Every structure is written in structure tokens, then in C-alpha cells.
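Reading through the C-alpha cells given below for one structure.
Just so you know, all these numbers are worked out from the coordinates, no wet-lab data involved. In this text the structure is predicted, and so the values were computed from the model without any measurement. Here the Cβ is made from the backbone with ideal geometry for all residues, glycine too, and neighbour counts use every protein chain on show.
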């Protein structure tokens with residue numbers, strides 16, 4: 001039923017407790033003292049229902065208090081790997097998984113670039129002890145594939161040419177930043 005908060009302004013109610021649909025908890029204010037409480041679902045049923053589930057404790061005359069539930073839910077963990085940073089990819093992944101709620105089913109997605117074997121990292125991640133996890137999505141690529149691609153070589157040569165022949169303020173730092181963006185873009189499109 002589509003409704004607007006303004007519909008409740010003149011009803012003389014302080015709280016509207018909505019039924020649950022499979023989405024997230026929300027509390028909204030209406031009028032001078034009214035609260036619309038949408039509890040969401042108490043457990044995640046689909047992968048779209050991410051995050052720890054919540055409910056509201058209501059004391060008349062007060063704002064609803066949010067209570068987190070220790071129920072089954074999905075939790076998205078997206079890790080962007082960067083071949084040009086010093087942190088080891090597996091360490092970054094482990095750190096991202098450290099604070100997972102014990103009732104969460106993990107939806108892990110690995111993106112970005114690494115330096116080294118994609119297969120080795122896939123094996124290492126697969127061997128991790130993630131209590132509840134759905135098969136991870138591996139969308140990262142070995143940066144060397146991009147670095148050796150003819151399109152990247154062409155782009156890199158053009159950037160170098162701009163630095164050498166054109167009177168610009170294209171510093172080495174700016175050129176490196178541009179090349180990293182190109183690497184990321186080429187990785188995302190699957191080159």
C-alpha cells in the first residue's frame with residue numbers, strides 16, 4: 001500500500017507499526033510526535049536482504065529504540081584489491097572478514113588487481129575458514145595482463161609523449177594516477 005508520512009499527521013496516533021516486508025528496518029518521524037516503524041524482516045530470506053536485522057523497543061512517549069537481532073542474515077563484503085599498494089591481498093581479505101557477525105552468511109566479492117597468480121589467490125581464499133559463506137565472486141585480475149595488453153601499451157606511450165613534448169603540468173605523480181585509473185578501467189571491462 002503506497003502511503004506517505006503526511007497521511008498520519010492528523011490521525012492522532014503516536015506510533016504506526018508497519019508490517020514487515022523483506023527489506024531493511026526504518027524509523028521515520030511524522031508530525032510533531034509521531035513515529036512510523038518499519039521493522040523489515042527478522043531474518044534474511046533472500047540475498048538482497050543484507051545487514052544485521054533489527055526491531056524496535058517502544059516505550060510510550062519516547063522515540064523507538066533500535067535493537068539488533070542475532071538472527072540469520074546476509075552480509076556483503078566487497079574487497080577492492082590494488083596491485084600497486086603494499087598490502088598483501090590475502091591479508092586485506094582476512095581483515096575484511098574479521099568483524100563478520102556469527103549469524104551472517106557472507107557474500108564475498110573480490111575486485112581490482114593483484115600482482116601474481118589469480119589461481120593461487122583463488123585457492124587461498126577458497127581455503128579460508130569462513131564459517132558461513134556463499135561461493136565468493138572473483139572479479140579481480142592480474143595487473144600484469146593489463147600491463148602487457150597492447151591497448152595499455154599504446155595509452156602509456158601517449159601519456160609519456162604528452163609529458164615529454166607538450167608544455168603541460170603533467171607530473172609523474174599525475175601520470176601514474178592516470179595510468180592506475182586506466183588499469184582499473186581495463187580490469188573492470190575484462191581486458
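Between residue 147 and residue 171, what is the FRET efficiency for a Förster distance of 25 Å, r being their Cβ-Cβ separation, to the nearest 0.05?
0.75
With 10 angstrom as the radius, rank 159, 43 by how many other C-beta atoms surround their C-beta, starting from the fewest.
Ordered from fewest to most neighbouring Cβ atoms within 10 Å, 159, 43 come out as 43, 159.
For region 118-191, just list the percent of Cα-Cα distances falling in each 10 Å bin from zero outward, please.
All Cα pairs considered, the percentages come to 16, 36, 24, 15, 8, 2.
State the extension gain, in nm to one decimal, for the chain segment bounded by residue 181 and residue 160, taking 0.36 nm per residue of separation less the distance between their alpha-carbons.
6.0 nm
Sort 161, 101 so the one with the fewest other Cβ atoms within 10 Å of its own Cβ comes first.
Ranking 161, 101 by Cβ neighbours within 10 Å, fewest first, gives 161, 101.
So how many Å³ per residue does the convex hull of the Cα atoms of the chain work out to?
200 Å³
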